[in-house]
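Single-structure report; data block below.
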Amino acid sequence: MVTSHEGLPRPRVTLTDAVRWATEHWGVGGDARELGSQQDRNLLLTSESGRFLLKVSNAATTRAEVEAQGIAMHAVADTGLAAPLPLACTAGGDVVEVDIEGVVHLVRLLTFVEGTPLIDAGHLSTAAIIQLGETAARVSRSLATVEHPGLDRAFQWDLRRGEEVVRTLAHHVTDPVRRADLEEAVARLSQRLLALTPRFPVQALHADLTDNNVVTHRDRAGGLVVDGIIDFGDVSLGWRVAELAVTCTAVFHHHPTDPFAVLPLIRAFHDRCPLEDAEVEALWSLIVLRGAVLVVSGGQQAAVDPTNGYAVSALEREWLTFSVPAAVDAAVATAAIRRALGLPGVPPSRPLGAGTLLAAGPTPAMVDLSSSSRSLADGCWLQDGPAEEHRVLSLAAGPAGRSVTRFGEPRLTRSRSHDRSQPRNIAMAVDVHAPGDHLVAPFEGTVSRVGDAVVLRGVTHTVVLEGLDSGVHGPIRAGERLGSISGTVRVWLTHDLDPTGTPPPFVTTVEQSGWESFLLDPAPLLGLDTTRAPDIATSGVLERRQRSYSTLQSHYYESPPRIERGWREHLVDTRGRHHLDMVNNVTVLGHGHPRIARAAADQWRMLNTNSRFNYGGVADLSERLLSTLPEPFDTVLLVNSGSEAVDLALRLTRAFTGREDVLCLTESYHGWTLASDAVSTSLSDNPAAGIRPGWVHVTTTPNTYRGPHRGAGAGAAYAAEAVAMVDGLARGGCPVGTFIAEPRQGNAGAIEVPDGYLARVYDAVRSSGGVCISDEVQVGYGRQGDVFWGYEQHPGLVPDVITVAKAMGNGHPLGAVITRREIAESLADQGTFFSSAGGSTLSCRIGVEVFDTIVEEGLQANAAAVGTHLSAALADLARRHPLVGAVHGRGLYQGVELVRDPVTLEPATEEAAALCDRMLELGVVVQPTGDRQNILKVKPPMCFTEESADYFAAVLDEVLTSGW
Ligand code: PMP
């Protein structure tokens, strides 16, 4: 048996040899194609009887090993996971000996496991990571009882020999910096493993259960499903935990900036195959060790067999497999693993029993730098976060005072917009602002330096100080002077961790779970009980909502982030993460607009009353609205919402025409009140179409993309259908009194209403004595860019009544009906109209400010310019990604329609939902709409920038490319 660590080139086999052997020994002919392997030859044979894998093992492989692999394949296949199985050959048995250049090699024909190796399957989602953990657990359990002499192998993939392998082969790593990193990491982990390894259970392992060897397919919604396991070439005895460590290494190159993305895998394994304490303690070091073995072995393989493209191309990926986990302190990673597995923390915190760090004086004022901070306004944190921290600290400290930041706080000042990853913004240190003060040693210890930081090591705890002017070195007693503060000093308090460098000042949420076992709130050193920020991110607000609030009023996402702040087109969650807001067409000016905030506060101080009083606001707002409209419009009624506006509009037109019957379109939404709901036909909002009252008549929405009539000229066919309905109703004695439609089908997904359609239907309705409502609640108010009102998109069209809401109040409840006086006054016979808060002083004030801001900030022009830019980017995606069937809309009102098939237009509903969840992970809030829930809503605040449009398009591109 070859037991050396020297690399083995792949056996020299031609495709002709392969076909010949397969025909001779198994009676299987066909075509052969080479598949990758580090040290063997794998050939895919495609024959009439199916696809097979001809495996030519390298010369060092023994018959016993091959037999053991066969037993392992059967054991795994018995668990229901597909595994290649050896086929019996004509000579009996399933292994054939062949001569290659005078050396005997073993050849087998195996069944071929169809599917895509996980490594080629694109984005590795958390769900897929969990499946990897489950799969590793199933394999581990299935092999636990397998015994065979061929399992006992002395080779480089046995992690029991990992340290020796790395030391022996490190010279193959040509970059000296990388080599030094490897050697140092292995030296560090050797220490850690020494006492643990004797306690590890040993059993049969697959030993190479990585993304290369797990075969998958995607389900209808695009989710990854593990089908089976391939490549049993490394089956051997080893530490049971090594199986898990190997599988873990598959994750890092998919998530190089998030080493803890692997935690759900470990959890999934542990849930099925509980780890012993020693295994948990060693796992991270074993992961790093396996990465190191891969790197040195890859280097060696590339040197031995430079023509092995498979091995050469893997080198950078293998480096990530090592370097990503190696960058995390093993103690910290272990603490995070323990937390993820629900195991007690290690080590337990010990009492500090120390004096204070700050010399006698005032207690420092605590400042709030979280997303709920009132000291941070108007997006200032996005300009220069650290400068803002300084400003807030100085302000809170006062002239001679002291101030301090909070421990564990997700700082808004350390997060960014347009960021694909979780912010690294959770403070693991506190900043003490005390210019001119000095610090004293809170306990006896020794003072040294780590870089620029002053480190005071005591018996149980260590304090690290950055930004302190100090000349102190060596032993120090409690109360002795440590140094002086010229402005702000950063303070870490650690226990049971000997910092080789300065601990991180900021970490991500997942990293926090590891670091918090070692980094403590320094509050007691500052004379405070706590500086810890209240954890509003995980305070169970969703559960409280579900207990106390109707589930009828649903929420976005299964596990939504908690969002309490916004700025312009960004929604900021309570962890400080910025999400690009693609859905808030209501907040037309953007979130947190200072002018509207000031106006609202000012108006509350002045007066808030109802429209029966005489004040300027009602006239101001009504005049503003009428200024946007042509002649016949001369009257405004103010209400609180779109539903109310539609409801009131329907009452007015019914009173005016004296007719009950209303014609509306399929796939529409107009509101929730009895009347507006009755004319709402959208299946997702109003699926109970069967209970529609008799006065509602529905004609097919003129969707020229996927409706019954398609393409240019289809508008006429839809119009003819609607006109026929109008005529038929008139003939049948219930003539249409009102026709209600959006000028662009908003809820249907920004679908274009074809040219001429509305004009023909309006004509028909009017000539039979009816009137027409243009519902502009969704698509009006400048959002489409080139027009202020949606109906203006249709030349010559003038509705009788307009309903508007949403954008009008920028989120303040405000709606309006705009019409002609004769129509408005028709209701007079039925009493006056009054809405307590509709048209209140506050609502009018906000309405006017919003209107003026849209004008002064040029937001309609912005919607046109940025919308055109966005349309181009989305059209480009549609060209490149078959899933994008169409891009509807214009300006900042668009819809990206996802289809499974460009011909049948089968809606990609499940894909749309999964894609939206993935977009959230990448910092974009986008949701599906339409009857088929397959169209992405693109209707961000109208202050949307080109930069944000590019971010959205880039993230969508990434998700469409790499999956979810
Ligand atoms: N009409 C249309 C076209 C709408 O899109 C909506 C709301 N989605 C409404 C009316 C109802 O508006 P509100 O939610 O303000 O009641």
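List of remarks:
- Over the chain, Cα pairs under 8 Å with separation of 6+ residues give a relative contact order of 9 percent.
- With 5 Å bins from 0: P(r) over segment 39-159, alpha-carbon pairs, percent: 2, 9, 15, 20, 21, 17, 10, 4, 2, 0
- Translational D in µm²/s for segment 706-833 (Stokes-Einstein at 4 °C, 1.567 mPa s, Kirkwood Rh from C-alpha pairs): 81 µm²/s
- Reciprocal mean inverse distance between Cα atoms of the chain - Kirkwood radius, Å: 32.8 Å
- Sites V312 and H390, calculated FRET efficiency, Cβ-Cβ separation with R0 56 Å, nearest 0.05: 0.65
- Angle of helix 616-626 to the longest C-alpha principal axis of the chain, folded into 0 to 90 degrees and rounded to 10: 80°.
- Acute angle (nearest 10 degrees) that the helix 176-194 long axis makes with the longest principal axis of the chain, alpha-carbon atoms: 80 degrees
- Straight-distance crosslink candidates among lysines, where the alpha carbon sits under 18 Å from K806 and sequence neighbours closer than 8 are dropped: K937, K939
- Relative compactness, segment 73-136, computed as alpha-carbon Rg over 2.2 N^0.38 Å: 1.58
- Going by neighbour counts of Cβ atoms within 10 Å, the residues T635, T945 line up, fewest first, as T945, T635.
- Tilt relative to the chain, helix 714-731 - C-alpha long axis, 0 to 90 degrees, to 10: 40 degrees
- Mean separation of Cα contacts under 8 Å (6+ apart) over length of segment 918-964, as relative contact order %: 38 percent
- Table column - 3J(HN,Hα) (Hz), segment 737-744, Karplus curve with 6.51, -1.76, 1.60, x for Gly and Pro: x, 9, 10, 10, 7, 7, x, 9
- Footprinting exposure proxy ranking of R338, R141, fewest other C-beta atoms within 10 angstrom first, gives R141, R338.
- The Cβ shell under 12 Å around F232 holds other residues with a net charge of -4, Lys and Arg each +1, Asp and Glu each -1.
- Cβ-to-Cβ counts within 10 Å put V572, V848 in ascending order as V848, V572, the fewest first.
Quick note: the coordinates plus some simple rules give every number you see, no bench work behind them. All values derive from a computational prediction rather than experimental measurement. Counting neighbours? That spans all protein chains shown, and the Cβs are built from the backbone with ideal geometry, glycine included.
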